[in-house]
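Comments concern the structure below.
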Amino acid sequence: MDSEYGRDLFTITDDDGNDYVLEHVDTIEIDNVFYLAFLPTDLGEDDENYGLIILKKTEEDGEQILVSIDDDDDLLEDLFERFIDRILDDEEE
């Protein structure tokens, strides 16, 4: 989707078959691996407990998929800091 025409929305299906609509906010490439940051779209104005959702783009059976980053907490923390810095920089501009 082109952000020029609106928000970039993705529908993600978890292992239990539940669908979630997420807004793509940024992508970072590290060592030829793409990491995407999302925000949930179903937040109300009073919702305070939400966070940035970071998923890794990978290929499985020739198909591009997004997977969670469960195996390396240091990587996840580093990605979170990078995304937050980039988001805050964009807001200042």
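Need one value: the accessible area of F10 in square angstrom, 1.4 angstrom probe, rounded to the nearest 10.
Answer for F10: close to 80 Å² accessible.
What does the accessible area of T13 come to, in Å² to the nearest 10, when a probe of 1.4 Å is used?
Approximately 80 Å² of T13 is accessible to the 1.4 Å probe.
When you count, for each residue, the other Cβ atoms within 10 Å and take the mean per peptide, how do 23-32, 60-69 rank with the highest first?
In descending order of packing, they fall as 23-32, 60-69.
Please list, in chain and number order, the residues 5+ apart from D8 or on another chain whose amide H is under 5 Å from its amide H, with Hs placed from the backbone.
H24
The values are calculated or read from the model by the stated rules, or taken from the named source; none is laboratory data. Computed from a predicted model, the values in this text were never measured in an experiment. Every residue, glycine among them, receives a Cβ derived from its backbone with ideal geometry; neighbour counts consider all protein chains shown. With ligands, DNA and RNA removed, areas are computed over all heavy atoms of the protein, side chains included. Shrake-Rupley method; radii C 1.70, N 1.55, O 1.52, S 1.80 Å.
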